[in-house]
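The values are calculated or read from the model by the stated rules, or taken from the named source; none is laboratory data. Because the structure is a prediction, the values reported are computed rather than measured. For neighbour counting, all protein chains shown are included, and Cβ atoms are generated from backbone atoms with ideal geometry for every residue, glycine included.
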Amino acid sequence: MKAVKISEHVYWVGVIDWNLREFHGYSTKRGSTYNSYLIMAEKPTLVETVKAPFKDEMLERIASVIDPKDIKYIVSGHAEMDHSGSIPHMIDLIKPEKVVASTMGVKALQDHFHLTHPIIPVKDGDTLSLGNMELKFLETRMIHWPDSMFSYLAKDELLFSQDAFGMHLASSERFADEVAHDVRLEETAKYYANIILPYSSFVLKLIERWKGINLNVKFIATDHGPIWRDGGAEIIPLYEKWALQKPEKKAVIIYDTMWKSTEAMANEIAGGLIEEGVETVVLPLAASSRSDVALHVLSAGAVFIGSPTLNNNIFPSVADSLVYLKGLRPKNKIGAAFGSYGWGGEALEQLNQWMKDIGIELVSDGVKVKYVPREEDLVKCFELGRDAAARLKELV
Ligand code: FEO
């Protein structure tokens with residue numbers, strides 16, 4: 001395993017996790033990478049490490065450039081264990097002169113690893129001399145952890161952006177422009193929806209700041225997936241759009257079903273939306289992950305959620321997506337609930353409350369149907385789709 005040179009002085013020494021299919025609740029159908037970077041300065045510096053089980057692969061890549069024991073500094077931009085997991089081993093192995101992290105990062109690293117080796121805190125705007133070049137630190141709190149911090153290497157016009165601007169994608173390509181456009185768009189959107197969305201207000205502040213400080217950036221080296229080398233021309237406007245969450249003429253219908261009644265209702269709602277020219281995605285939860293739900297909710301102006309009543313409750317798979325969505329805090333959505341029942345039909349009211357708690361503006365009290373929808377029930381569902389489409393058109 002060899003390092004990959006990505007700029008004049010920087011090598012990618014990370015790992016490709018082809019097998020990853022689940023990342024703390026996020027379904028990663030295309031795997032991921034944990035990116036670690038070696039700056040070949042007078043004081044060789046490692047920016048980020050990798051998940052602990054992959055440390056030997058990282059060391060092998062480093063060894064293809066220098067003896068790992070010649071590394072003088074380690075920089076931690078983010079303390080989550082997919083990036084910090086190998087820091088304790090690296091400290092033991094190379095005994096670095098300095099390990100640096102943001103103030104919150106120092107605390108987080110100590111709380112994770114109970115280290116005895118000192119970690120040096122750096123603040124926003126601080127610099128670290130690497131001898132013949134310099135790293136500048138930019139705190140990016142809450143994108144997406146309190147400790148998150150960018151590091152900027154002016155010499156190579158390269159920004160180490162920790163988790164921001166990343167994607168979960170295992171690939172042989174190291175640069176984003178080498179990956180098919182639809183793949184990188186889907187995976188960056190999915191990453192934003194599942195990881196960054198709750199922190200959108202911080203993203204907007206970061207972009208404002210970015211516009212103000214005029215950093216000379218060619219490379220954005222993220223912690224996951226390929227590296228951007230277009231100065232952010234593609235990913236920054238996407239982040240701005242996703243952070244603003246302006247409603248779009250798109251609807252997503254999320255449902256599960258027991259005996260196909262709720263499914264029939266979902267299909268009729270979709271029919272009404274489609275007839276009104278709204279792009280519509282129907283996600284049966286038996287075949288869709290909560291991460292796919294988040295991906296489509298990101299760009300949808302209207303969200304419909306359907307559940308049968310099971311034992312006086314919402315169906316478990318629907319409850320899973322509701323809990324997940326509530327945590328992601330999407331904004332500027334309208335929607336409605338629907339579902340079939342046999343006896344009490346409690347799920348509809350519960351769905352309505354959940355949707356209000358998520359922040360979705362209900363355009364209707366919803367539709368519920370006893371056992372199997374009759375023709376007039378299906379018409380009600382179709383009309384719900386049409387009415388919501390009309391409301392959505394007023395908003396976009
Ligand atoms: Fe890739 Fe927040 O860790």
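Here are a few things to note about the model shown:
- The set of residues in segment 131-157 that are within 16 Å of the ligand (Cβ to nearest atom), of a type in the set (Asp, Glu) and touching a residue at least 60 places away in the same chain (Cβ under 8 Å) contains only ASP147.
- Looking across segment 72-94, just one residue is exposed (fewer than 15 other Cβ atoms within 10 Å of the Cβ) and either without any contact (Cβ under 8 Å) to a residue 24 or more places away in the chain or part of a strand (DSSP E or B) (or both), and that is ASP92.
Per-residue answers, yes or no, for (1) surrounded by 17 or more Cβ atoms within 10 Å (Cβ to Cβ); (2) over 30 Å from VAL10 (Cα atoms); (3) touching a residue at least 24 places away in the same chain (Cβ under 8 Å):
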position: ILE227; (1), (2), (3): yes, no, yes
position: LYS241; (1), (2), (3): no, yes, no
position: LYS249; (1), (2), (3): yes, yes, yes
position: TYR255; (1), (2), (3): yes, yes, yes
position: THR262; (1), (2), (3): yes, yes, yes
position: VAL281; (1), (2), (3): yes, yes, yes
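- Lone unmet requirement of (1) away from the ligand (no atom under 16 Å from the Cβ); (2) part of a loop (DSSP other than H, G, I, E, B) for LEU185: (2)
- Scanning segment 73-130 for residues that are within 16 Å of the ligand (Cβ to nearest atom) and either aliphatic (A, V, I, L, M) or not assigned by TED's automatic domain parsing to the domain that holds THR222 (or both) yields VAL75, ALA79, MET81, ILE87, ALA101, MET104, ALA108, LEU109.
- So LYS205, is it without any contact (Cβ under 8 Å) to a residue 24 or more places away in the chain, in a helix (DSSP H, G or I), more than 22 Å from GLY301 (Cα to Cα) and more than 16 Å from the ligand (Cβ to nearest atom): yes
- Annotation note: Cβ proximity below 6 Å between a residue of segment 158-185 that is outside the structural domain of SER200 (by TED's automatic domain parsing) and closer than 21 Å to LEU295 by Cα and a residue that is assigned to a strand (DSSP E or B) and within 12 Å of the ligand (Cβ to nearest atom) (sequence gap 6+ or interchain) occurs for no pair.
- Residue check for LYS69: in contact (Cβ under 8 Å) with a residue 24 or more places away in the chain, within 15 Å of TYR37 (Cβ to Cβ) and over 25 Å from the mean Cα position of the chain (by Cα): no
- Tally, over segment 146-192, of residues that are under 9 Å from the mean Cα position of the chain (by Cα), among the small types (Gly, Ala, Ser) and buried (at least 23 other Cβ atoms within 10 Å of the Cβ): 2
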